[in-house]
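Asker: Pasting in a structure now, in structure tokens, and then I'll have a few things to ask.
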Amino acid sequence: MNANPVFSLHIPTRILFGCGEIKKLATEKLPGKKAMIVISNGTSMRKYGYLDKVTSLLTENDVDSIVYDQILPNPTKRHVMEAAAICRERGCDFIIGLGGGSSIDSAKAIAVMACNSGDYWDYIPAGSGKGRAVTKALPIVAIPTTAGTGTEADPWTVITNEDVHEKIGFGNQHTFPTLSIIDPELMVSIPPHLTAYQGFDAFFHAAEGFIANCATPISDLYALEAIRLLYKYLPVAVKDGKNLKARAKVAWASTLAGLVESTSSCTSEHSMEHAMSAFHPELPHGAGLIAISEVYFETFRNDCMKRYMKMAEAMTQQKSNRPSDFIDALVRMQKACDVYGLQLSQFGVKEKDLPQMVQNARETMGALFTLDPRPLTDAEVLEIYQKSFK
């Protein structure tokens with residue numbers, strides 16, 4: 001970060017945070033009278049009663065709703081376009097994303113396409129997208145039931161165009177949620193391995209945002225507190241998912257990391273993971289990040305030494321004397337969450353495919369490479385993939 005930073009801050013999302021806050025859905029002023037509730041194609045939203053709770057609270061608030069329940073873990077353009085058509089046909093005037101980052105990201109993209117003509121990829125400013133301007137979107141309400149993406153506190157949505165293997169993040173002032181309700185009680189049902197994957201996604205939002213060359217004084221505050229909370233409480237939440245204190249601390253860290261996304265940015269670690277899961281949608285985003293993280297952060301160890309030591313101090317609460325302390329703490333944290341040494345090959349990734357992922361990462365999410373502490377060569381990117389591959 002520059003010694004004399006110049007930055008702006010505008011996050012227009014009303015955030016309600018805390019156990020039991022979901023009940024406010026019955027009394028809060030909502031941005032419309034008919035909602036499309038966007039959920040995944042899994043079973044958890046119905047199995048644990050979250051969908052029924054939301055529809056019941058909306059009814060109390062005199063708001064009608066319909067449900068779109070086809071979203072995949074790595075959400076696709078096809079479902080965005082399908083849901084947007086239904087939204088227009090049924091006269092919905094706002095979108096609720098209920099669930100993990102995939103559902104809330106999809107809600108943002110659907111909100112865009114409910115108000116704009118053509119194809120969603122017409123508006124994507126990278127890869128094969130056409131970069132058309134988005135002039136409006138339906139209002140968005142985010143209700144996360146996972147802690148990881150921070151999408152409840154930022155404008156970003158990540159969607160895959162499966163036809164061309166492009167997974168691209170996109171957002172603007174219209175895709176900030178109008179209202180976000182973060183209730184940790186909705187997160188106790190997440191299994192341990194997904195708790196870890198999602199929590200590390202939040203951790204890397206914060207860590208990448210802290211070393212990014214666009215970091216700001218406010219993003220630094222958010223990032224270091226998110227890093228501290230996750231190092232201390234994510235292993236607890238992984239081991240005991242019903243520990244509400246740990247769930248609440250991890251949920252708040254995730255929201256803080258989302259605020260980092262709104263005031264700084266991810267770096268090329270996210271570009272590299274998006275390229276992997278664009279070709280292998282079965283690879284969970286957090287798992288892909290974990291798999292490359294040790295080698296990735298080692299690559300920049302000598303480029304932002306003081307920042308690495310500050311992150312290490314936030315994690316360990318002890319004085320750091322060398323940047324490797326951060327990488328050592330990162331490895332300890334992964335071991336404590338039982339996710340150290342993840343094998344990319346178990347998710348279908350093949351070593352022979354790594355070179356095309358270098359190209360894909362550059363073409364689809366190349367902007368994040370410009371925010372790294374220093375420019376990476378293609379050879380270095382390939383080396384990160386290769387050293388991480390198991």
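Asker: Would you say residue 245 is charged (D, E, K, R), in contact with a Lys or Arg (Cβ under 9 Å, 6 or more places away or on another chain) and open to solvent by 10 Å² or more (accessible area, probe 1.4 Å)?
Answerer: Working: charged (D, E, K, R): yes; in contact with a Lys or Arg (Cβ under 9 Å, 6 or more places away or on another chain): no; open to solvent by 10 Å² or more (accessible area, probe 1.4 Å): yes.
Answer is no for this residue.
Asker: Output the residue which, of all residues in region 50-72 that are under 9 Å from residue 37 (Cβ atoms) and assigned to a helix (DSSP H, G or I), is most open to solvent (accessible area, probe 1.4 Å).
Answerer: Only one residue tops the list, namely 55.
Asker: Follow-up. Any idea how many residues of region 331-387 are under 23 Å from residue 193 (Cβ atoms), open to solvent by 20 Å² or more (accessible area, probe 1.4 Å) and not in a helix (DSSP H, G or I)?
Answerer: Adding up the residues that qualify gives 7.
Asker: For region 132-185, which residues satisfy the criterion of being open to solvent by 10 Å² or more (accessible area, probe 1.4 Å) and assigned to a helix (DSSP H, G or I)?
Answerer: 173, 174, 185 - these are the residues of region 132-185 that are open to solvent by 10 Å² or more (accessible area, probe 1.4 Å) and assigned to a helix (DSSP H, G or I).
Asker: If you don't mind, there's one more thing I want to ask. Residue 328 fails exactly one of the following numbered conditions: (1) out of contact with any helix residue (DSSP H, G or I) (no Cβ under 7 Å at 6 or more places or on another chain); (2) exposed (fewer than 13 other Cβ atoms within 10 Å of the Cβ). What is the number of that condition?
Answerer: With respect to (1) out of contact with any helix residue (DSSP H, G or I) (no Cβ under 7 Å at 6 or more places or on another chain); (2) exposed (fewer than 13 other Cβ atoms within 10 Å of the Cβ), residue 328 is out only on (2).
Asker: Looking at residue 238, is it among the hydrophobic types (A, V, I, L, M, F, W, C), closer than 26 Å to residue 389 by Cβ, in contact with a helix residue (DSSP H, G or I) (Cβ under 9 Å, 6 or more places away or on another chain) and free of Cβ contacts under 8 Å to residues at least 60 places away in the same chain? I'd like the intermediate steps shown before the answer.
Answerer: Numbers: among the hydrophobic types (A, V, I, L, M, F, W, C): yes; closer than 26 Å to residue 389 by Cβ: yes; in contact with a helix residue (DSSP H, G or I) (Cβ under 9 Å, 6 or more places away or on another chain): yes; free of Cβ contacts under 8 Å to residues at least 60 places away in the same chain: no.
Taking the combined requirement at face value, the residue does not satisfy it.
Asker: So which residues in region 30-49 are within 23 Å of residue 178 (Cα to Cα) and assigned to a helix (DSSP H, G or I)?
Answerer: 45
Asker: Looking only at region 96-131, count every residue that is basic (Lys, Arg) and surrounded by fewer than 24 Cβ atoms within 10 Å (Cβ to Cβ) and tell me the total.
Answerer: The qualifying residues number 1.
The values are calculated or read from the model by the stated rules, or taken from the named source; none is laboratory data. Note that the structure is predicted; figures quoted are calculated from it, not measured. Backbone-built Cβ (ideal geometry, glycine too); neighbour counts: all protein chains shown. The area values use the complete protein model at the heavy-atom level, side chains included, leaving out ligands, DNA and RNA. Shrake-Rupley method; radii C 1.70, N 1.55, O 1.52, S 1.80 Å.
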